[in-house]
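Please treat every number below as a calculation from the coordinates, not as lab data. Quick caveat, the model's predicted, so the values are computed rather than measured. Cβ atoms come from the backbone with ideal geometry, glycine included; neighbour counts cover every protein chain shown.
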Ligand SMILES: Cc1cc2nc3c(=O)[nH]c(=O)nc-3n(C[C@H](O)[C@H](O)[C@H](O)COP(=O)(O)O)c2cc1C
Ligand SMILES: [Mn+2]
């Protein structure tokens, strides 16, 4: 493995997935009202490709395109780093071991400043911002990463959906415990303003890092640098005191001054449309962009879809590293994106290294390290934790709910869990074979298997 990962600019990522047959270019005219959402829904359900839309009805970019569904299947996250899917956990946990701080380039012209729009030239309505679902509160920027500074914790970059209110205002959704919320709440208390930037179309390493909850003060751009094996290059914004990745496609500069407004409804990663909430208003002071900018949209909705694939990918690796210190029999940690990453976690263990009580303790520790989980399942090393059918087979056949499950009452989960509103129980499911286990898997001789595989291969090549 080389020291620098293959993760490059947004454009390089698009070229890579195109060469891998994972990107379609749509020539047909699509309406930014509903057509984009419907396309993403259909592509996600089909485990299908990313799409570039060149011809859309609605606001026109003078030149440029709209890129959606980039991060649908997990194999495309692996492709962002130039590794195989089964190498991701190892790659990410090793890389995240040492953060690499970003580097501000003060000389030369940054690509994100190819075009600078200020004053009357600023108009969000000029951009192809989709109305994703029936009933949404308005058009939504869904691949906007917000960069802002908290006076104590420092810089932060995270995904925050933004409802476009008009030419220069965006309602930005912030969960109660998220860093951007802490920064804007603090400024509100002190009646001060928070400078910020929303960046759209960034290096995949940044998109992936910004989707993970790291500790306060741990800057996600430094995690992106770690993933790439080199610093992310940034440049100072034109109208606010913020640094943004230099090769970003589109940068929206602005500030929060304490104003809040109704925002929503919008369909969330849970698959459900969430009601109207009150969110801080972001006021735009400039829009800068590359020549022929590519507007990026991330599709949110019922899994499988890319919000769930992207979100918390790196947290698996962080949890794995943390838990491994105490539980050396741990082999893998996985939060299956197919069913939404927030609620179900799977730990795979080396079956020959367990001892009494250790699996239940590991299950409890996992629920603490990833506190939004509601179901934590431990499986043996002959079960593929990335294959939910196998995992559920293990649950069905290796777990006696009478003795192999624990229920913890009144714990936390996501504020968006429609079944609990924040407070929940957690079930720990021990699906490891126990001493009294009676199942045998006899297998087949290699010669018989080879004959069978040939027969299957012949059928495949004829179809
Ligand atoms: C596509 C996508 C959209 C997201 N939208 C929001 C959002 O609107 N509001 C929010 O608070 N978190 C949102 N998140 C989750 C946060 O970005 C994520 O939890 C992040 O780790 C929070 O960063 P922080 O720990 O620095 O606050 C979104 C995540 C993804 C992947
Ligand atoms: Mn953070």
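Could you tell me what a quarter of the Cα convex hull surface of the stretch 313-430 works out to, in nm² with one decimal place?
Over every viewing direction, the Cα hull of the stretch 313-430 projects on average to 7.0 nm².
Listed highest first by mean packing, meaning other Cβ atoms within 10 Å per residue, what order do 48-55, 262-269 come in?
In decreasing order of mean packing, 48-55, 262-269 become 262-269, 48-55.
Which angle from 0 to 90°, rounded to the nearest 10, does the C-alpha axis of helix 388-398 make with the longest principal axis of the chain?
40
Please state the relative contact order of the stretch 1-152 as a whole percent: Cα pairs under 8 Å, 6+ residues apart?
It rounds to 25 percent for the stretch 1-152.
Measuring from centroid to centroid over Cα atoms, what is the spacing of the stretch 295-353 and the stretch 5-38 in Å?
Taking the Cα centre of each part, the stretch 295-353 and the stretch 5-38 sit 25 Å apart.
In deg cm²/dmol and to the nearest 500, what is the mean residue ellipticity at 222 nm of the chain if only DSSP H runs of at least 4 residues count, each as -39500 (n - 2.57), divided by the residue total?
-8000 deg cm²/dmol
Considering only C-alpha atoms, what is the centroid distance from the stretch 397-436 to the stretch 222-269, in Å?
Between the Cα centre of the stretch 397-436 and that of the stretch 222-269, the gap is 37 Å.
Between the stretch 441-463 and the stretch 108-125, what is the separation of their alpha carbon centroids in Å?
A separation of 59 Å, based on Cα centres.
Roughly speaking, what is the stretch gain from residue 191 to residue 241, that is 0.36 nm per residue apart minus the C-alpha to C-alpha distance, in nm to one decimal?
16.2 nm
What is the stretch 24-151 by shape, rounded, prolate or oblate, if you read a ≥ b ≥ c off the alpha carbon gyration tensor as root eigenvalues and call it rounded for a/c under 1.5, prolate for a/b larger than b/c, and oblate otherwise?
Verdict is oblate for the stretch 24-151.
Let a ≥ b ≥ c be the square roots of the eigenvalues of the Cα gyration tensor of the stretch 88-299; is it rounded (a/c under 1.5), or, if not, prolate (a/b larger than b/c) or oblate?
rounded
Diagonalise the Cα gyration tensor of the stretch 204-295 and give the resulting equivalent ellipsoid semi-axes, square root of 5 times each eigenvalue, largest first, whole Å.
Taking √(5λ) for each eigenvalue gives 25, 20, 15 Å, largest first.
Rounding to the nearest 10 and keeping the result within 0 to 90°, find how far the Cα-based axis of helix 179-189 lies from the longest principal axis of the chain.
The two axes meet at around 40 degrees.
By how many nm would the segment from residue 153 to residue 115 grow when fully extended, if each residue of separation counts as 0.36 nm and the alpha-carbon distance is taken off?
Here the answer is 10.5 nm.
Going by a ≥ b ≥ c, the root eigenvalues of the Cα gyration tensor, does the stretch 404-463 fall in the rounded group (a/c under 1.5), the prolate group (a/b larger than b/c) or the oblate group?
Oblate, because a/c is 1.5 or more while a/b does not exceed b/c.
Given a Förster radius of 22 Å and the C-beta distance between residue 85 and residue 19 as r, what FRET efficiency does 1/(1 + (r/R0)^6) yield to the nearest 0.05?
0.80
Give me the number: length gained by fully extending residue 407 to residue 339, i.e. 0.36 nm times residue separation minus the C-alpha to C-alpha distance, one decimal in nm.
22.4 nm
Between residue 233 and residue 438, what is the label-point separation in nm under the 7 Å Cα-to-beta-carbon projection?
It works out to 6.7 nm between the two label points.
Quick one: if you take sqrt(5λ) for each eigenvalue of the C-alpha gyration tensor of the stretch 300-369, what semi-axes come out, biggest first, whole angstrom?
They are 25, 11, 10 Å, listed from largest to smallest.
Separation between the residue 291 and residue 456 pseudo-spin-labels, each 7 Å from Cα along Cα→Cβ, expressed in nm?
Result: 5.2 nm between the two label points.
Given q = 0.06, 0.14 Å⁻¹, what are the Debye log10 I(q)/I(0) values for the chain, with equal point scatterers placed on the Cα positions and solvent ignored?
The calculated log intensity ratios at q = 0.06, 0.14 Å⁻¹ are -0.28, -1.39.
Each label point is 7 Å from the Cα along the Cα-to-Cβ direction; what then is the distance between the points at residue 33 and residue 54, in nm?
2.6
When the convex hull of the Cα atoms of the stretch 295-339 is projected onto a plane and the area is averaged over all directions, what value comes out in nm²?
The orientation-averaged projected area of the Cα hull of the stretch 295-339 comes to 3.7 nm².
Set the Förster radius R0 to 25 Å, insert the Cβ-Cβ distance between residue 396 and residue 356 as r into 1/(1 + (r/R0)^6), and round the FRET efficiency to 0.05.
Computed FRET efficiency for residue 396 and residue 356: 0.60.
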